[in-house]
Amino acid sequence: MPAKPTACLALADGTLFFGKGFGAKGMRVAELCFNTAMTGYQEIMTDPSYAGQIVTFTFPHIGNTGVTPEDDETADPVAEGMIVKWDPTEPSNWRATGDLVSWLEKTGRIGMGGVDTRRLTRAIRQQGAPHVALAHDPAGNFDIEALVKAARGFPGLVGLDLAKGVSCAQSYRWDEKRWAWPEGYTKREGAAPKVVAIDYGAKRNILRCLASVGCDVTVMPATTTADEVLAQKPDGVFLSNGPGDPAATGAYAVPMIQGVLAADLPVFGICLGHQMLALALGAKTVKMNHGHHGANHPVKDLESGKVEITSMNHGFTVDSQTLPEGVIETHVSLFDGSNCGIRMADRPVFSVQYHPEASPGPQDSFYLFERFAQAIQARAAG
């Protein structure tokens with residue numbers, strides 16, 4: 001006799017998936033997305049851009065390498081839960097300090113295994129990212145009607161400002177550089193150009209990349225004003241990734257960015273920061289059907305002809321048809337042609353939709369951090 005299911009995923013349209021629960025007990029309501037990355041499940045779960053979402057992993061081997069605090073992109077998981085094909089196994093990796101199941105339980109996140117993730121992914125692609133309720137009960141008792149009702153009651157991400165909830169509460173300095181064998185993480189030392197990084201949900205590895213190209217980084221909250229940024233006397237401003245609807249976050253972010261642009265500073269944005277910059281320049285953003293989530297997305301640099309294999313995580317996109325005069329589209333997705341980068345024609349102001357910090361993922365796009373550092377140096381030189 002088969003074991004009784006201990007987890008249930010209820011979609012707003014009434015579709016149900018049953019499996020084996022692990023991690024925390026209880027119920028979570030969120031938008032469901034899928035991620036195609038073959039590595040980096042811990043970085044994905046701790047990426048603040050996944051606030052308000054449950055992640056279906058298309059790669060079946062999730063949990064095999066355990067967890068380590070060194071790989072956290074923020075202090076705790078931000079994604080509400082995870083759906084996997086196979087139950088997590090005991091970890092086998094020299095860097096592991098714990099296992100995935102215990103980590104999820106300790107941090108209050110629900111996991112569900114034994115699911116036909118191929119079928120679930122196809123449903124997401126065809127119908128759009130659904131609203132769902134995920135429940136874990138070791139006794140296997142589920143109120144299906146209540147779960148479907150909860151899924152239908154989820155307000156969705158459109159019009160939702162989530163950046164405030166994942167941003168830092170106060171400013172702080174960052175000097176840790178990228179991980180490298182055999183030293184691990186090292187510190188940036190000495191005098192360096194000053195960069196203010198606006199935290200809409202910044203991944204730690206982005207801050208490490210900024211430090212690695214020689215930036216003295218000060219991280220400031222999402223609601224920071226232009227006057228507060230300029231009071232730091234920065235040599236450049238960075239706009240971070242983050243969750244939610246860019247139009248909602250733009251209510252306070254756009255005036256700040258416009259104030260920074262008026263000061264003629266180099267600006268670099270990633271993900272939500274890219275969308276914020278586009279809005280500040282006069283473009284519009286739109287919700288995607290199921291978004292881009294994975295570490296294997298091909299993006300073409302329209303100016304060099306180079307194709308980069310990138311990490312992506314976004315459910316909204318910049319509408320390239322609304323880009324104003326003087327703003328150039330620099331990168332596009334080779335999956336669907338959506339916008340993946342812009343720059344101002346006459347100033348060192350640019351941004352990309354994907355994640356060049358490459359954790360997880362390859363290092364095709366690290367040059368963007370070097371470009372930002374070079375723009376700051378050029379401005380200082382005169």
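Annotations for the structure displayed:
- Cβ-defined net charge surrounding Glu105, 13 Å radius [Lys, Arg +1; Asp, Glu -1]: +1
- Net charge of the neighbourhood of Gly236, taken over other residues with C-beta under 10 Å away and scored Lys/Arg +1, Asp/Glu -1, is +1.
- Length added when fully stretched, Arg122-Ala169, from 0.36 nm per residue minus Cα-Cα: 13.0 nm
- Calculated log₁₀ intensity ratio I(q)/I(0) where the Debye formula runs over C-alpha points of the range 154-265, q = 0.09, 0.13, 0.15, 0.17 Å⁻¹: -0.26, -0.51, -0.66, -0.81
- Computed [θ] at 222 nm, deg cm²/dmol, the chain (DSSP H ≥ 4; -39,500 (n - 2.57); rounded to nearest 500): -7000 deg cm²/dmol
- Counted charge near Arg379, where neighbours are those whose Cβ lies closer than 11 Å (Asp, Glu -1; Lys, Arg +1): -1
- DSSP beta bridge pairing in the range 174-304, given as percent antiparallel to the nearest 5: 20
- Percentage relative contact order, the chain, counting C-alpha pairs under 8 Å, at least six apart: 15
- Net length gained if the chain between Ala231 and Asp336 were fully extended (0.36 nm per residue, minus Cα distance): 33.7 nm
- Highest-MSF residue in the chain out of Gly242, Gly114, Gly81 [GNM, Cα springs under 10 Å]: Gly114
- Pairwise inverse Cα distances across the range 62-145, averaged and inverted, put the Kirkwood hydrodynamic radius at 14.6 Å.
- The range 41-105: relative contact order in percent, alpha carbon pairs under 8 Å with at least 6 residues between: 42
- Spatially proximal aspartates and glutamates relative to Lys203 (Cα-Cα < 15 Å; intrachain offsets below 8 disregarded): Glu43, Asp47, Glu70, Asp71, Asp72, Glu73, Asp76, Asp175, Glu176, Glu357
- With a Förster radius of 30 Å applied to the C-beta separation of Thr223 and Ala139, the computed FRET efficiency comes to 0.10.
- Beta bridges per DSSP, both residues in the chain: antiparallel share near 65 percent.
- Distribution of pairwise C-alpha distances over the chain, 10 Å bins, in %: 5, 24, 33, 24, 11, 3, 0, 0
- Taking the chain as a Gaussian network of alpha-carbon nodes connected by springs under 10 Å, the highest mean-square fluctuation of the residues His292, His61, His355 belongs to His61.
- The separation of the range 222-275 from the range 189-215, counted between C-alpha centres, amounts to 15 Å.
- Measuring how big the range 1-111 is from its alpha-carbon positions, Rg and Dmax come out at 13.5, 43 Å.
- Using C-alpha pairs under 8 Å with a sequence gap of at least 6, the mean separation divided by the residue count of the range 122-247 gives a relative contact order of 29 percent.
- Average accessible area per residue (Å²) across the chain - probe 1.4 Å, nucleic acids and ligands excluded: 41
- Over the range 187-226, volume per residue of the alpha carbon convex hull, in Å³: 63
- The alpha carbon convex hull volume per residue for the range 115-166 rounds to 138 Å³.
- Solvent-accessible area, 1.4 Å probe, carbon plus sulfur percent, for the chain: 51
- About the centre of its Cα atoms, the range 141-187 shows a dipole size close to 180 debye [charges on the beta carbon of Lys, Arg (+1) and Asp, Glu (-1) only; nearest 20 debye].
- Applying a threshold of 21 Å to the alpha-carbon distances of Lys164/Lys300; Lys177/Lys300; Lys149/Lys284; Lys177/Lys233; Lys4/Lys85 flags Lys164/Lys300; Lys177/Lys300; Lys149/Lys284; Lys177/Lys233 as lying beyond it.
- The modelled label-to-label distance for the pair Tyr185/Gln374, using points 7 Å beyond Cα in the direction of Cβ, is 2.9 nm.
The values are calculated or read from the model by the stated rules, or taken from the named source; none is laboratory data. Bear in mind the structure is a predicted one, so any value in this text is a computation, not a measurement. Here the Cβ is made from the backbone with ideal geometry for all residues, glycine too, and neighbour counts use every protein chain on show. Keep in mind that these areas ignore ligands, DNA and RNA; they rest on the heavy atoms of the full protein, side chains included. Shrake-Rupley method; radii C 1.70, N 1.55, O 1.52, S 1.80 Å.
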